[in-house]
Structures are given as structure tokens and as C-alpha cells.
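First comes the structure, then the notes that go with it.
The values are calculated or read from the model by the stated rules, or taken from the named source; none is laboratory data. All of these numbers come straight from a predicted model, not from anything done at the bench. A quick note on method: Cβ atoms are made from the backbone with ideal geometry, for glycine too, and the neighbour counts reach across all protein chains shown. Heavy atoms of the whole protein, side chains included, go into the accessibility calculation; ligands, DNA and RNA do not. Shrake-Rupley method; radii C 1.70, N 1.55, O 1.52, S 1.80 Å.
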Amino acid sequence: MAVVALAGCGEASDGDKDAAASGPLAKITVTGDSGAEPKVTVSPTPLTVTKEEKRVLTEGSGTPLGKTDLASVHIQVVNGTDGKVATSTWTDKQTLGVDLSSDRMLPILTNQLPGSKPGARLLLAAPTKDVWGEQGNSNFNLKATDPVLFVVDVIKGGASLKEAEGTAVAPKAGLPTVKWNPGKAATITMPKAAAPTKLVTQPLVTGKGAKVESGQTVRVSYTGALWVNGKVFDSNADGYTTPIGVGQVVPGWDKSIVGQPVGSRLLLVVPPADGYGAQGQGEIKGTDTMVFVVDILAAV
């Protein structure tokens, strides 16, 4: 679902954290238990909103989400002009990972989700132009002038590590060596040998967190380099968020990260068959073996 993969183009307000019973969302009816797909009735239509609005339908319990947490949510998006559902994560029965620290997330979510507890159901609203900009969102048939509603069920969430934490593991001989540089790309030194022809997953640190499950969203930091010359082609020391185990990343990542504990640092040697294949991508040729150092910081 593209709802949070797109950046909001407007400058969103903080919204009303405790929407009053007399506010614009007071007459919106949301039926269905928290966790099940809701039915939203907008009456009268069209809804009128001029800024971000929030109404807490179910409080939830447990530790509130922090401003930099990774959260797992269900979201239904409704056009407030006619009450029609624009998109819903319940359709494909997949929860959505929301990185509350990322400026690539929709501002209405990063503004309004912090402080919410697992089990909470929230009703959020804003003008579409404040969420997706003056162009609106044609994928969801939302014009810039349409009011848009979000029903958000908070499934779970948690803080993210800054780097791997756990028990150091001595790597097997013959693999690339790694020097970790906090806040920067790792230094990866390749051995003077032919690259392995099969995927290698070598823990450098075994974390103490829960094991990553297929379909979860993970936050990782990573460095990627080419075996052939050691050139770093990509790195993200600040944190990168992606679904895992569902084909959203190269197969080598899906195969290696699923099943590993949060807090782990992995050395991955990814041959073309588990990378970008014979076609390659960009500067990565179809014959290139990639080497990654990946810290698993969080998973929801």
C-alpha cells in the first residue's frame, strides 16, 4: 500500500491532540472492533476540515509510541467528500510499518501517532493538499480539495536501536573483514579470492531481540560494496525501513534477515542470483557479487 510510502508535500500542523466532542470529527461514525476493518459513515457529506484533526476512538494500553519508534498499523483511507474507501491495508491483510522518525512518512502519521498505545484506534482527518500536496493523490482518486480521513489501528511498536547490540561472533576465515564506523559507512575489505557462488549469511553480532518474521517491517542500517573492487555503492547509517520477506528487497536480504534476532549485525555475501540477477542494476553489473554489512535495529 502506497499511503505512507509517499511523502506529504504540505507543511502539516500538529493537529488537535484531543479533538473535542463538538469538533468536525464528532459526527463521523466508525463501527467495528479495534483490529477488524472499520466501516466509516460520513454524514453529512462533504466533511469540512481545514487542518489536521484527531479523535481517539479506542485508547489502547501499554507503552505509548515515541517520536522515533517503528510502529505496525492497519490503515483505512476514506474520501471525506463522498465517504468512499480510497485504500485499506485490510484488503491484503498486511499490516503497515510506519517509521515515525522518517521525513518520508506522511506528516499526519508522524504528527499524530506518537503517544498512542498498542490497541488504540484513531480517527484522523486533514485536507488532501496538506497530506499529499496540491496535486492530490490520483492513485486514490483524491483531489487536493477533498477532505481525507484515516482510521488507524495501532498494532504494536517499539524503540529502535542505534546500532547492533549483542554477542560478538568470530566470522569464518576467507570472508570480507569489517570495520564498523558509527554514523558512517562501514569499511569492508575484500579477500584476494574468488567470490562465493552461493549466498553467505555470517553473523558478526548476534542480537538479543525477537527473531525477524517474514512480512514484518524492519529498520536497518547498512553498507553495500562490490566484491570485485571493494567500492561502496550504497550505505545508510541513519536507518532504512522496508518490509522483509515479501520481495521488496533483493532475495539475499529476504533470505538472510528473516529469522535473525533484532540487534544482530550481519555480513552478507550476495551473488547475482540472490541480488539483481543477470541484468544487474545501475553500476552493479549482472556478474557482480555484492557484500553488505547490515544492522537490524527494529522489527514490527
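Here the contact order of the stretch 218-300, divided by its residue count and restricted to Cα pairs under 8 Å and six or more residues apart, works out to 39 percent. Between ALA168 and LYS93, the FRET efficiency from the beta-carbon distance, with R0 = 41 Å, is close to 0.60. Using the rule -39500 (n - 2.57) for each DSSP H run of four or more residues, divided by the residues of the chain, the 222 nm mean residue ellipticity is -1500 deg cm²/dmol.
Think of each Lys and Arg Cβ as +1 and each Asp and Glu Cβ as -1; about the Cα centre, that makes the dipole of the chain roughly 760 debye.
Here the stretch 230-288 is treated with +1 on each Lys and Arg Cβ and -1 on each Asp and Glu Cβ, and its dipole about the Cα centre works out to around 120 debye.
At full extension, ASP82 and SER101 could sit 3.6 nm farther apart than now, given 0.36 nm per residue minus the alpha carbon distance.
Give me the one-decimal Kirkwood hydrodynamic radius in Å for the stretch 166-299, with the sum taken over alpha-carbon pairs. Evaluated on the stretch 166-299, it is 14.7 Å. Per residue, the stretch 24-159 exposes an accessible area of 44 Å² to a 1.4 Å probe, with every protein chain left in place. Quick one: of LYS156/LYS208; LYS67/LYS143; LYS27/LYS51; LYS93/LYS198, which pairs are farther than 23 Å apart, Cα to Cα? Beyond 23 Å between Cα atoms: LYS67/LYS143; LYS93/LYS198.
Shown here: percent of Cα pairs over 37 Å apart, derived from the displayed model; of the candidates [x] 22; [y] 46; [z] 25, it corresponds to [z]. At a probe radius of 1.4 angstrom, the accessible area of the stretch 166-299 per residue rounds to 47 square angstrom.
When the Cα positions of THR289, VAL262, ASN111 are compared along the charge dipole of the chain, THR289 comes out farthest toward the positive end, with charges on each C-beta of Lys, Arg, Asp and Glu. The mean sequence separation of alpha-carbon pairs under 8 Å and at least six residues apart, normalised by the residue count of the chain, gives a relative contact order of 17 percent. Tell me which of GLY183, GLY207, PHE150 sits at the most positive position along the dipole axis of the chain, charges placed on C-beta atoms (Lys, Arg +1; Asp, Glu -1). Positive-end residue among those listed: GLY207. Accessible surface comparison of LYS172, LYS51, probe 1.4 Å, protein chains only, largest first: the order is LYS172, LYS51.
With a simple spin-label model that places each label point 7 Å from the Cα along the Cα-to-Cβ direction, the separation between THR287 and VAL232 comes to 2.7 nm. Site pair LYS255 and SER43 shows an inter-label distance of 5.6 nm when each label is modelled 7 Å from Cα along Cα→Cβ. Largest first, the residues LEU267, LEU199 sort by 1.4 Å accessible area into LEU199, LEU267.
Percent of accessible area on the stretch 24-159 owned by carbon and sulfur, 1.4 Å probe? Answer for the stretch 24-159 is 48 percent, counting heavy atoms of protein chains only. The residues THR63, THR241, THR223, sorted by heavy-atom accessible surface at 1.4 Å with ligands and nucleic acids left out, run THR63, THR241, THR223 from largest to smallest.
Surface composition of the stretch 166-299: carbon and sulfur atoms hold 51% of the protein heavy-atom accessible area at a 1.4 Å probe. Solvent-accessible area of LYS54, all protein chains in place: 20 Å² (probe radius 1.4 Å, heavy atoms, ligands and nucleic acids excluded).
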